[in-house]
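The values are calculated or read from the model by the stated rules, or taken from the named source; none is laboratory data. Keep in mind that this is a model prediction, so the values were computed, not measured. Please note: Cβ atoms are built from the backbone with ideal geometry, for glycine as well, and neighbour counts cover all protein chains shown.
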Amino acid sequence: MPRLFVSVDLPDRLADAFAAVQEPLAAVPGLRFTDPEQAHCTLTFLGDVDESRVDDVAEALDRAVGAAAVGPFDCEVGGLGAFPSPDYVRVVWVGVREGSEELTRLAEAVERETVELGFDEADHEFTPHLTLARLNDARGKRRVLEYLDEDPTVGRFEVREVRLTESTLTDGGPEYEPRARLSL
């Protein structure tokens, strides 16, 4: 069964800038970094989906993109945050300065359509972000919290599509393969 999520992907041309934002955390113990070439803003995580339902999911996403009524838009990625909170850091992320309203409309429309197909509703409010790293233990928490005061910029790009992506977990990290591309 493919493991699927819906996302807006950071373009390859910004991978080096994404890596530069990760760099100040490189020596922090306990962090597992996102591959800059796989950076993305997850609109929803679907989990394991029976192969026979993938086409239905792609059709639902097409409806969602239409319902969100969002055309191509500019997105600026920058600023930092942590989930679930600075008191208990599990995920360090870079935020969305411009384009968050459009990403939120897309995420809400995607959730409506996927819930209609029987997928679970998200258990948290959508916050547009791209994961920089995951904190596996508290050894590096202090340094992470210091870095959250910084205000780095990854860059700007035009969002032109939403992707349905398959994630295969490997020893070397997740490998992603687009299953459907939905133009805005």
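Limited to segment 26-45, what total is found for residues that are surrounded by 19 or more Cβ atoms within 10 Å (Cβ to Cβ) and hydrophobic (A, V, I, L, M, F, W, C)? Within segment 26-45, residues that are surrounded by 19 or more Cβ atoms within 10 Å (Cβ to Cβ) and hydrophobic (A, V, I, L, M, F, W, C) number 5.
Considering the conditions (1) farther than 16 Å from ARG160 by Cα; (2) more than 15 Å from the chain's Cα centre (by Cα), TRP93 is excluded by exactly one of them, (2).
Looking only at residues of segment 66-88 that are in contact with a helix residue (DSSP H, G or I) (Cβ under 7 Å, 6 or more places away or on another chain) and not in a strand (DSSP E or B), we find that the one that is surrounded by the fewest Cβ atoms within 10 Å (Cβ to Cβ) is PRO86.
Yes/no per residue for (1) of a type in the set (Val, Ile, Thr); (2) within 22 Å of LEU14 (Cα to Cα); (3) in contact with a helix residue (DSSP H, G or I) (Cβ under 7 Å, 6 or more places away or on another chain); (4) not in a loop (DSSP other than H, G, I, E, B):
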position: ARG90; (1), (2), (3), (4): no, no, no, yes
position: GLU125; (1), (2), (3), (4): no, no, no, no
position: ARG134; (1), (2), (3), (4): no, yes, no, yes
position: LEU145; (1), (2), (3), (4): no, no, no, yes
position: GLY155; (1), (2), (3), (4): no, yes, yes, yes
position: GLU158; (1), (2), (3), (4): no, yes, no, yes
position: VAL162; (1), (2), (3), (4): yes, yes, yes, yes
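Being aliphatic (A, V, I, L, M) and touching a Cys at 6+ places or on another chain (Cβ under 6 Å) is true for just one of VAL28, VAL8, VAL65. Which residue is that?
Numbers: VAL28 fails: touching a Cys at 6+ places or on another chain (Cβ under 6 Å); VAL65 fails: touching a Cys at 6+ places or on another chain (Cβ under 6 Å).
Step by step, each of VAL28, VAL8, VAL65 is checked, and only VAL8 is aliphatic (A, V, I, L, M) and touching a Cys at 6+ places or on another chain (Cβ under 6 Å).
So how many residues does segment 108-124 have that are in contact with a strand residue (DSSP E or B) (Cβ under 7 Å, 6 or more places away or on another chain) and either charged (D, E, K, R) or farther than 22 Å from PHE45 by Cβ (or both)? If you could, list the steps in order and put the result at the bottom.
Just the residues of segment 108-124 that are in contact with a strand residue (DSSP E or B) (Cβ under 7 Å, 6 or more places away or on another chain), to begin with: 110-111, 114, 119, 122.
If we keep only those that are either charged (D, E, K, R) or farther than 22 Å from PHE45 by Cβ (or both) as well, we get 111.
Qualifying residue count for the region: 1.
Pairing residues of segment 1-26 that are in contact (Cβ under 8 Å) with a residue 24 or more places away in the chain with residues that are in a strand (DSSP E or B) and exposed (fewer than 13 other Cβ atoms within 10 Å of the Cβ), at Cβ distances under 6 Å and at least 6 apart in sequence or on separate chains, gives MET1/ASP48; ARG3/ASP48. Residues considered: VAL91, VAL70, VAL115, VAL110. Of these, the only one that is without any contact (Cβ under 8 Å) to a residue 12 or more places away in the chain and of a type outside the set (Asp, Glu) is VAL115. Screening segment 125-158 for residues that are touching a residue at least 24 places away in the same chain (Cβ under 8 Å) and within 14 Å of THR42 (Cβ to Cβ) and picking the one that is surrounded by the most Cβ atoms within 10 Å (Cβ to Cβ) gives LEU132. Looking for whichever is touching a Ser or Thr at 6+ places or on another chain (Cβ under 6 Å), farther than 17 Å from VAL6 by Cβ and at pLDDT 95 or above here; the options are VAL91, VAL77. Which one fits? So the residue among VAL91, VAL77 that is touching a Ser or Thr at 6+ places or on another chain (Cβ under 6 Å), farther than 17 Å from VAL6 by Cβ and at pLDDT 95 or above is VAL91.
This table checks each residue for (1) within 17 Å of LEU103 (Cβ to Cβ); (2) more than 18 Å from the chain's Cα centre (by Cα); (3) small (Gly, Ala, Ser); (4) at pLDDT below 95.
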position: VAL6; (1), (2), (3), (4): yes, no, no, no
position: LEU10; (1), (2), (3), (4): yes, no, no, no
position: PRO29; (1), (2), (3), (4): no, yes, no, yes
position: CYS41; (1), (2), (3), (4): yes, no, no, no
position: GLU59; (1), (2), (3), (4): no, yes, no, no
position: ARG63; (1), (2), (3), (4): no, yes, no, no
position: ALA67; (1), (2), (3), (4): yes, yes, yes, no
